[in-house]
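The values are calculated or read from the model by the stated rules, or taken from the named source; none is laboratory data. These figures come from a predicted structure and were not determined experimentally. Cβ: placed from backbone, ideal geometry, glycine included. Neighbour counts: every protein chain shown.
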Amino acid sequence: MTLCTNAATPQPVLSLPQGSSSRAWAQTPAARQPLNSESGLTLVELIICVAIVALLASAAIPIARFQVKRTKERELRRDLWEMRDAIDHYKDAADKGAFQIKADSLGYPPDLQTLVDGVEVTSAQGKKVKFLRKVPTDPMTNNTDWGLRSNQDDTDSDSFGGQNVFDVHSKSTGTALDGTKYNTW
């Protein structure tokens with residue numbers, strides 16, 4: 001914006017910047033009218049806005065809840081896979097004679113802590129082989145106490161015989177998003 005004086009009139013004349021329209025000029029902050037006491041939102045408009053925001057928020061809460069549950073289920077599947085993989089590696093090494101085992105264990109570990117602590121290899125004196133870094137925490141119960149199955153247990157048994165660890169499962173009685181029970185995974 002530039003101020004120009006006209007020789008015929010002693011008052012300054014405002015001229016628009018080049019390339020701008022009078023409409024854009026009228027909408028600049030300097031050209032606006034001051035707000036009066038009647039401008040703003042009415043109570044009805046405010047209630048409608050709050051209702052829309054509440055509706056959107058209430059739609060997002062179940063989605064967030066399912067996301068948390070889905071994440072815990074993914075953790076549970078990963079932890080079960082990790083422990084079952086460690087049990088399988090222990091069994092494979094025991095079948096190959098890599099370390100001493102009890103005769104009635106059938107090559108399976110006596111407990112989960114044995115997978116963490118490791119077993120001494122018979123061919124190398126003092127060398128231990130570990131199969132797990134740590135016993136994972138069950139994301140459904142927030143506990144490291146897992147349900148165990150022994151090879152000698154009945155297939156439909158809920159109690160652990162204690163001879164060896166053939167399989168692991170969650171002790172949670174909750175139901176997954178797909179309708180199955182966590183303790184059957």
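Look at (1) at pLDDT 90 or above; (2) in contact with a Cys (Cβ under 6 Å, 6 or more places away or on another chain) and you find that Arg77 fails only one, number (2).
Rundown of residues vs (1) polar (S, T, N, Q); (2) under 30 Å from Gln67 (Cα atoms), yes/no style:
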{"position": "Leu106", "(1), (2)": "no, no"}
{"position": "Asn164", "(1), (2)": "yes, no"}
{"position": "Ser172", "(1), (2)": "yes, yes"}
{"position": "Tyr182", "(1), (2)": "no, yes"}
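For the stretch 123-142, what are the residues that are outside any loop (DSSP other than H, G, I, E, B) and loosely packed, with under 12 Cβ neighbours inside 10 Å?
Applying the first criterion (outside any loop (DSSP other than H, G, I, E, B)) to the stretch 123-142 yields 128-129, 138.
Answer for the stretch 123-142, where residues must be outside any loop (DSSP other than H, G, I, E, B) and loosely packed, with under 12 Cβ neighbours inside 10 Å: just Lys128.
Scanning the stretch 80-122 for residues that are more than 22 Å from Asp145 (Cβ to Cβ) and part of a loop (DSSP other than H, G, I, E, B) returns Lys96, Gly97, Ala98, Phe99, Gln100, Ile101, Lys102, Leu106, Gly107, Val121, Thr122.
If you check Gly97, Gly107, which single one turns out to be on the phi > 0 side of the Ramachandran plot and in contact with an Asp or Glu (Cβ under 6 Å, 6 or more places away or on another chain)?
Details: Gly97 fails: in contact with an Asp or Glu (Cβ under 6 Å, 6 or more places away or on another chain).
Sole residue among the options that is on the phi > 0 side of the Ramachandran plot and in contact with an Asp or Glu (Cβ under 6 Å, 6 or more places away or on another chain): Gly107.
Checking the stated criteria, Ala124 turns out to be more than 21 Å from the chain's Cα centre (by Cα) and over 20 Å from Ala86 (Cα atoms).
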